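The values are calculated or read from the model by the stated rules, or taken from the named source; none is laboratory data. Quantities reported herein were computed from a predicted structural model and do not represent experimental measurements. Because the Cβ atoms are built from the backbone with ideal geometry, glycine has one as well, and the counts that use them run over all protein chains shown. Surface accessibility is based on the protein's heavy atoms, side chains included, excluding ligands, DNA and RNA. Shrake-Rupley method; radii C 1.70, N 1.55, O 1.52, S 1.80 Å.
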Amino acid sequence: MTASKSSRARNARATAQAGARGGAARNGASGGTAVRDGDRARNGAAARGPQTIEVRDEPAERGPAPWLQIATFVLALAGLGVSIYLTIAHFTESALAGCSESGLVNCTKVTTSPQSYVFGIPVAVLGLAFFVFCVAIMSPWAWRASRREIHLVRIASLVVGIGFVLYLVYAELFTIGSICLYCTSVHVITFLLFVLTAFAAAAWGLKPGAPWKLVPDRQPE
């Protein structure tokens, strides 16, 4: 009876030891699998390298440069000044300062000729209205406008303006036979505005102009 109990006790201890070894083996196997999975994940991440998000800090494409905006605005102001003077001289019938009254250069002959009226309106008044519009449409605020129609109107107005200038030059040279220095200065200003506007449309398209400042921002050192 005692021997039988000892046998059963030894069998129980053997069974317990076998179960413990099996559990340890299973735990070791699962632990090894987890370690291997972790190693593979780390190796894969190292192979791929650090994940970075590229952020480009590029300025949006802009239209005409600030120098062109300023140049056209200054020209429009100059044309407005000459047109105001011509309009005042027309209605006061006063002689234009510094302008010859004989020969090829004869301002009075030009400003009092029948060609100085178009559809009953003095050419000086038409020029004044044109340059008032030019000052507005050539201002830096208009150049930076986002509406495409504003840039189209600018081009169309200069096309009409240069066509009218060609008519006046023809009238002075072939009909009147004299030229006016003040009128010629207006013609030159209109021609320059036309060239700069056409250049802006060809080089930058109908995009809003780049902003300009009197004092540029200081570049970081």
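When residue 202 is tested against the conditions (1) assigned to a helix (DSSP H, G or I); (2) modelled with pLDDT under 95; (3) among the aliphatic types (A, V, I, L, M); (4) open to solvent by less than 80 Å² (accessible area, probe 1.4 Å), the lone failure is (4). Counting the residues of the range 151-161 that are buried (at least 17 other Cβ atoms within 10 Å of the Cβ) and hydrophobic (A, V, I, L, M, F, W, C) gives 1. Out of the residues in the range 162-199 meeting the condition of being more than 27 Å from the chain's Cα centre (by Cα) and among the polar types (S, T, N, Q), tell me which one is least open to solvent (accessible area, probe 1.4 Å). Among those residues, the one meeting the criterion is 178.
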